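**Q** Here you go, one structure.
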Amino acid sequence: MPERAARALSDAPFPMTLSIRPRRSVLYMPSANERALDKARGLDADALILDLEDAVAPDAKAQARERVAQALRQGGYGRRECVVRVNALDTPWGRDDVRAIAGAGADAVLLPKVEDAAQLHALARALDEAGAPPGLPLWAMAETPLGFLRLDAIACGHPRLAAIVVGTSDLVKDLHARHTPGRQETLLARSLAVMAARAHGLAALDGVHLDLNDDAGLAAACEQGRDLGFDGKTLIHPRQIAPANAAFAPSGAEVALARKRLLAWRAAQAAGQGVAVVDGALVENLHAREAERLIALAEAIGKF
C-alpha cells in the first residue's frame with residue numbers, strides 16, 4: 001500500500017456513518033425507594049429503568065410515581081438513559097403513571113407484557129394526550145409466550161419503538177419451565193427477541209440474573225447474552241453493573257483488530273478490489289460494517 005494512501009486511511013474517522021448509544025448495563029430501580037433513586041445518579045450503569053410496576057406494591061404506587069416524576073425533574077442523572085416502566089394501561093395505575101411522568105423528562109417509557117402493536121399505539125396516544133414530548137421513545141417488554149410469538153409484528157408495530165426488553169422471569173413461570181444455569185429454557189425466546197430487534201433496527205436487552213450471590217453465573221449469563229447478539233443486560237442490583245459493562249464492551253484487542261480490518265478493506269476498495277485479507281482471514285463488506293459498528297460502540301463507551 002502506498003504511504004500516502006495508508007496515511008489517508010489511517011486518518012479517516014472511525015466510523016464513517018454509525019452512531020451508537022451504549023446500553024451494556026440497564027438497572028431496574030425500585031421507584032418507591034427515594035434513597036435508591038438518589039443513589040442511581042452516581043452509578044456506572046448505561047441506563048436506568050425507574051420501575052413503577054413489579055417493584056412497587058399496590059399501596060405504594062401513587063407515592064412511587066410522584067417520586068419518579070420529581071426525581072426526573074430534578075435531574076442529575078448525567079449521561080444515563082432514564083426509562084420509566086409504567087404499569088399496563090388496563091391496570092388501575094397505568095394511565096395515572098403516564099399522566100404523572102409524561103412531561104417529567106424521561107428518555108423513554110417501557111410498557112410491560114406487550115403482546116400486540118395495539119398496546120404500543122395506546123401508550124403513544126396516552127402519552128401525547130398527557131403532554132409528553134412529541135416522539136418520546138417507547139420500549140416494549142417481551143415476557144409472555146404470546147408476546148414472543150408475535151415479536152416480529154410488535155417490533156415493526158410503532159415508529160417510536162426503540163427497544164425490546166426481555167423478561168425471562170415471567171416467561172419461565174408461564175412456560176412451567178425451570179431456571180437452569182445454561183438458560184436453555186429461554187434460549188429460543190431470547191433468540192427471537194434479538195432477531196426481531198435486528199430485523200427492525202431496535203435495541204435488544206437480555207433478561208435479569210436473579211441470584212445476587214452467583215458471580216460466576218452472572219458472568220456466564222452476560223457472555224451468553226453478548227454472544228447471542230444482545231446490546232446489554234437488564235440488572236436488579238448495582239453490584240451487577242461492572243460485570244455487564246465488561247461483557248458487553250469490546251475489548252482493546254477486538255477494537256484493534258476491527259481497525260486493522262477496516263483499514264485493510266478501505267485500502268482494498270481504494271485499489272479497486274472487493275476484498276482484503278488480514279491475518280489470513282478474508283475481509284468483505286459485511287466484516288467492514290461490523291468493524292465500524294464495534295469501533296463506534298467502543299468510542300461511544302469512551303465518551304461516557
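**Q** Look at the range 77-117 and say how many of its residues are among the β-branched types (V, I, T), more than 21 Å from R41 (Cα to Cα) and in contact with a Leu (Cβ under 9 Å, 6 or more places away or on another chain). Lay out the reasoning, then the answer.
**A** Filtering the range 77-117 down to residues among the β-branched types (V, I, T) leaves 83-84, 86, 91, 98, 101, 109, 114.
Now drop any that are not more than 21 Å from R41 (Cα to Cα), which leaves 91, 98, 114.
Still in the list and also in contact with a Leu (Cβ under 9 Å, 6 or more places away or on another chain): 98, 114.
The qualifying residues number 2.
**Q** Among the residues of the range 196-227, what is the count of those that are among the small types (G, A, S), buried (at least 20 other Cβ atoms within 10 Å of the Cβ) and assigned to a helix (DSSP H, G or I)?
**A** Residues in the range 196-227 being among the small types (G, A, S), buried (at least 20 other Cβ atoms within 10 Å of the Cβ) and assigned to a helix (DSSP H, G or I): 4 in total.
**Q** Residue pairs, Cβ under 8 Å, 6 or more apart or interchain, first in the range 144-166 and touching a residue at least 60 places away in the same chain (Cβ under 8 Å), second part of a strand (DSSP E or B) and among the hydroxyl-bearing types (S, T, Y). List them.
**A** V165/T234; V166/T234
**Q** Suppose the filter is surrounded by 23 or more Cβ atoms within 10 Å (Cβ to Cβ), among the small types (G, A, S) and outside any helix (DSSP H, G or I); does A106 pass it?
**A** Details: surrounded by 23 or more Cβ atoms within 10 Å (Cβ to Cβ): yes; among the small types (G, A, S): yes; outside any helix (DSSP H, G or I): yes.
Against the criterion (surrounded by 23 or more Cβ atoms within 10 Å (Cβ to Cβ), among the small types (G, A, S) and outside any helix (DSSP H, G or I)), A106 qualifies.
**Q** Then there is this: Out of A204, A189, A193, report the one residue that is farther than 18 Å from A247 by Cβ, in contact with a helix residue (DSSP H, G or I) (Cβ under 8 Å, 6 or more places away or on another chain) and of a type in the set (A, V, I, L, M, F, W, C). Step through it out loud before you land on a result.
**A** Working: A204 fails: farther than 18 Å from A247 by Cβ; A193 fails: farther than 18 Å from A247 by Cβ.
Testing whether each residue is farther than 18 Å from A247 by Cβ, in contact with a helix residue (DSSP H, G or I) (Cβ under 8 Å, 6 or more places away or on another chain) and of a type in the set (A, V, I, L, M, F, W, C) leaves just A189.
**Q** If you don't mind, another one. Tell me, which residue of the range 203-259 that is among the acidic types (D, E) and touching a strand residue (DSSP E or B) at 6+ places or on another chain (Cβ under 7 Å) is farthest from L187 (Cα to Cα)? Talk me through it step by step, then tell me what you get.
**A** Here is the first cut: in the range 203-259, the ones among the acidic types (D, E) are 206, 211, 214-215, 223, 227, 231, 254.
Those still in the list that are touching a strand residue (DSSP E or B) at 6+ places or on another chain (Cβ under 7 Å) too: 206, 231.
On the way: D206: 11, D231: 16 Å.
Ranking the candidates gives D231 first.
**Q** Okay, next question. Report, by residue number, each residue of the range 228-256 that is in contact (Cβ under 8 Å) with a residue 12 or more places away in the chain, outside any helix (DSSP H, G or I) and either among the aliphatic types (A, V, I, L, M) or out of contact with any Gly (no Cβ under 7 Å at 6 or more places or on another chain) (or both).
**A** G229, F230, D231, G232, L235, I236, H237, A249, P250
The rows are residues; the columns are (1) modelled with pLDDT of 95 or more; (2) out of contact with any Asp or Glu (no Cβ under 6 Å at 6 or more places or on another chain); (3) in a strand (DSSP E or B); (4) under 26 Å from I20 (Cβ atoms).
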| residue | (1), (2), (3), (4) |
| --- | --- |
| P133 | yes, yes, no, yes |
| A140 | yes, yes, yes, yes |
| G157 | yes, yes, no, yes |
| R178 | yes, yes, no, no |
| A193 | yes, yes, no, yes |
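**Q** So which pairs qualify, if the first residue must be in the range 52-77 and part of a loop (DSSP other than H, G, I, E, B), the second must be buried (at least 16 other Cβ atoms within 10 Å of the Cβ) and of a type in the set (S, T, N, Q), the Cβ gap must be under 7 Å, and the two must be at least 6 apart or on different chains?
**A** Pairs found: L52/S31; L52/N87; E53/N87; A55/S31; V56/S31.
**Q** How many residues, within the range 78-88, are among the aliphatic types (A, V, I, L, M) and either part of a helix (DSSP H, G or I) or farther than 13 Å from A106 by Cα (or both)? Talk me through it step by step, then tell me what you get.
**A** The initial filter retains those residues of the range 78-88 that are among the aliphatic types (A, V, I, L, M), namely 83-84, 86, 88.
Adding the requirement that they be either part of a helix (DSSP H, G or I) or farther than 13 Å from A106 by Cα (or both) leaves 88.
Looking only at that region, the number is 1.
**Q** Now a separate question. Every residue in the range 257-276 that is in contact with a helix residue (DSSP H, G or I) (Cβ under 7 Å, 6 or more places away or on another chain), assigned to a helix (DSSP H, G or I) and farther than 18 Å from E299 by Cβ, please.
**A** W265, A267, A270, listed by residue number.
**Q** Checking L282 against (1) exposed (fewer than 13 other Cβ atoms within 10 Å of the Cβ); (2) of a type outside the set (F, W, Y); (3) touching a residue at least 12 places away in the same chain (Cβ under 8 Å), which test does it fail?
**A** (3)
**Q** Among the listed residues L161, L210, L187, L218, which satisfies the condition of being under 25 Å from P22 (Cα atoms) and either modelled with pLDDT under 95 or under 15 Å from the mean Cα position of the chain (by Cα) (or both)?
**A** On the way: L210 fails: either modelled with pLDDT under 95 or under 15 Å from the mean Cα position of the chain (by Cα) (or both); L187 fails: either modelled with pLDDT under 95 or under 15 Å from the mean Cα position of the chain (by Cα) (or both); L218 fails: either modelled with pLDDT under 95 or under 15 Å from the mean Cα position of the chain (by Cα) (or both).
After ruling out the rest, the residue left standing is L161.
The values are calculated or read from the model by the stated rules, or taken from the named source; none is laboratory data. For clarity, every value in this text was computed on a predicted model and none was experimentally measured. Note that we place each Cβ from the backbone using ideal geometry, even for glycine, and neighbour counts take in every protein chain shown.
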